[in-house]
Amino acid sequence: MRLRLLPAILSGCLLSAACGGGAGASGAEPNRSGGEVKLQGAGASFPAPLYNKWFKASSASHQNVVVDYQSVGSGSGVKNVIDHTVDFGASDAAMKPEDMARVPEGVQLFPMTAGSIVLAYNLQGVEGLKLSRKAYSGVFLGKVTRWKDPLIAGANPGAKLPDLPINVVVRADSSGTSFVFSQHLSAISDEFGKSVGANTMPNWPVGTKSKGNEGVTASLMTTPGSIGYIEYGYAKTQKVPMAALENKSGKYVEASTATGQAALASVALPDDMIAWAKDPEPADAYPIVTYTWLICYKKYATQDKLEAMQDLVRFGLTEGQKDAESLGYIPLPEGVVTKATMAIPKLAGQ
């Protein structure tokens, strides 16, 4: 099969059956003509650059399969799976048991890659910014409001911090990135956990809103004095400065492949493939790291779609891992690849 990528629409449109959806479990007519098989996917913006590269790279070894992935956010990706308007979803927040129960044929989650969530900032002349746990949780609680606050200045002696208000940028959409970040903040700050909590759409007490990792990155780049949370790869490719964050061991750690792998190594992957490193213990671990998942149906209406979906997952777990690090993602640990690969046969035909 030949895999070909349709232009990804990195915007906030919600998928509907009219925009090309048609889940494997939706009762679509079999592909009897020998023509193209279309896989419609939607969800997280976090892994979108990597997923789009995978779909293009796979064209060399697959024929007659078209993949259209839309970066609409994890929350919309989960909703589209429930509504059966896609063949697969994608989410950094995995999928809640109560949402899984709304899919009669069942779902299978596959961790496909991992990444760090960084605090990127726009401060002219300030490099190597360090933020303590109290400082960055205080910023997103709306209690640390200026760049010269003692909680920031104390960790950055000699830095020429501007006498500016902090412009906090948060996500406007239902987001797995927001879920992972707010889950981490809840783990390190009792006040945050009680007043805001972990959510795909937290009720932030502060912040201007932008849609998607793409939108937050754009806002940061154009707004002096700003700070926001984005996936490491977006900051890396756009050359947006990132803060070193204090981890649970009291060390200031920058996001990298090695520090992300240290965080992932601190948690075991259970049979449901869902694991969280909310506040990793290792001294060399970056503190905000997550897997991100493809959400597949356990049954597809045609053999063509089933085989195309299995091949797509298999490619991402094997050849696709070679592209992860160059785009700022963390290649999956070998044990995770093995476990996820063994789950591919759980996808079946009607």
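The values are calculated or read from the model by the stated rules, or taken from the named source; none is laboratory data. Not measured: the values here are computed from a predicted model. So basically every Cβ, Gly included, is an ideal-geometry build from the backbone, and we count neighbours across all protein chains shown. Just the protein is used for accessible areas: all its heavy atoms, side chains included, with ligands, DNA and RNA removed. Shrake-Rupley method; radii C 1.70, N 1.55, O 1.52, S 1.80 Å.
Observations on the structure shown:
- Tabulated pairs, the range 225-251, first within 24 Å of LYS148 (Cβ to Cβ), second assigned to a helix (DSSP H, G or I) and open to solvent by 40 Å² or more (accessible area, probe 1.4 Å), C-beta under 8 angstrom, 6+ apart or interchain: VAL240/MET221; MET242/TYR232; LEU245/ARG133; GLU246/ARG133
- Within the range 295-316, restricting attention to residues that are under 20 Å from LYS79 (Cα atoms) and open to solvent by less than 10 Å² (accessible area, probe 1.4 Å), the residue that is modelled with the lowest pLDDT is MET309.
- THR222 meets each of the listed conditions (1) at pLDDT 95 or above; (2) surrounded by fewer than 20 Cβ atoms within 10 Å (Cβ to Cβ); (3) under 19 Å from the mean Cα position of the chain (by Cα); (4) over 21 Å from LYS134 (Cα atoms) apart from (3).
- Meets criteria (within 15 Å of the chain's Cα centre (by Cα), open to solvent by 70 Å² or more (accessible area, probe 1.4 Å) and in contact (Cβ under 8 Å) with a residue 12 or more places away in the chain) for LYS211: yes
- Subset tally (residues that are among the β-branched types (Val, Ile, Thr), part of a loop (DSSP other than H, G, I, E, B) and open to solvent by less than 30 Å² (accessible area, probe 1.4 Å)) for the range 118-171: 3
- Counted residues, the range 275-294 - those being open to solvent by less than 30 Å² (accessible area, probe 1.4 Å) and either aliphatic (A, V, I, L, M) or more than 19 Å from ALA243 (Cβ to Cβ) (or both): 9
- Only strands (runs of 3 or more DSSP E) whose full extent lies in the range 22-100 are considered here, and the ones with at least 2 residues that are buried (at least 17 other Cβ atoms within 10 Å of the Cβ) and modelled with pLDDT under 95 are 37-43, 65-71.
- Criterion violated by SER174 - all others in (1) polar (S, T, N, Q); (2) free of Cβ contacts under 8 Å to residues at least 60 places away in the same chain; (3) outside any helix (DSSP H, G or I) satisfied: (2)
- The listed residues are LYS239, LYS251, and the only one of them that is more than 26 Å from PRO47 (Cβ to Cβ), over 14 Å from the mean Cα position of the chain (by Cα), basic (Lys, Arg) and at pLDDT 95 or above turns out to be LYS251.
- TRP147 over 26 Å from LYS278 (Cα atoms), of a type in the set (Phe, Trp, Tyr) and modelled with pLDDT under 95: no
- Whichever residue in the range 207-245 is charged (D, E, K, R) and out of contact with any Leu (no Cβ under 7 Å at 6 or more places or on another chain) and, among such residues, is farthest from ASN122 (Cα to Cα): LYS211
- Conditions (1) of a type outside the set (Phe, Trp, Tyr); (2) in contact with a helix residue (DSSP H, G or I) (Cβ under 8 Å, 6 or more places away or on another chain); (3) open to solvent by 10 Å² or more (accessible area, probe 1.4 Å); number of the one not met by VAL103: (3)
- Tally of residues being open to solvent by 40 Å² or more (accessible area, probe 1.4 Å) and among the hydrophobic types (A, V, I, L, M, F, W, C) across the range 189-205: 2
- Residue check for GLN108: open to solvent by 10 Å² or more (accessible area, probe 1.4 Å), within 18 Å of the chain's Cα centre (by Cα) and under 28 Å from GLU325 (Cα atoms): yes
- Within the range 227-243, the presence of a residue that is surrounded by fewer than 21 Cβ atoms within 10 Å (Cβ to Cβ), closer than 14 Å to SER132 by Cα and touching a Ser or Thr at 6+ places or on another chain (Cβ under 8 Å) is excluded.
- Taking the criterion of being assigned to a loop (DSSP other than H, G, I, E, B) and open to solvent by less than 40 Å² (accessible area, probe 1.4 Å), the residues of the range 318-350 that qualify are ALA324, GLY328, TYR329, PRO331, LEU332, ALA343, LEU347.
- Boolean, THR257 is within 27 Å of ALA153 (Cβ to Cβ), modelled with pLDDT of 95 or more and either open to solvent by 30 Å² or more (accessible area, probe 1.4 Å) or out of contact with any Ser or Thr (no Cβ under 8 Å at 6 or more places or on another chain) (or both): no
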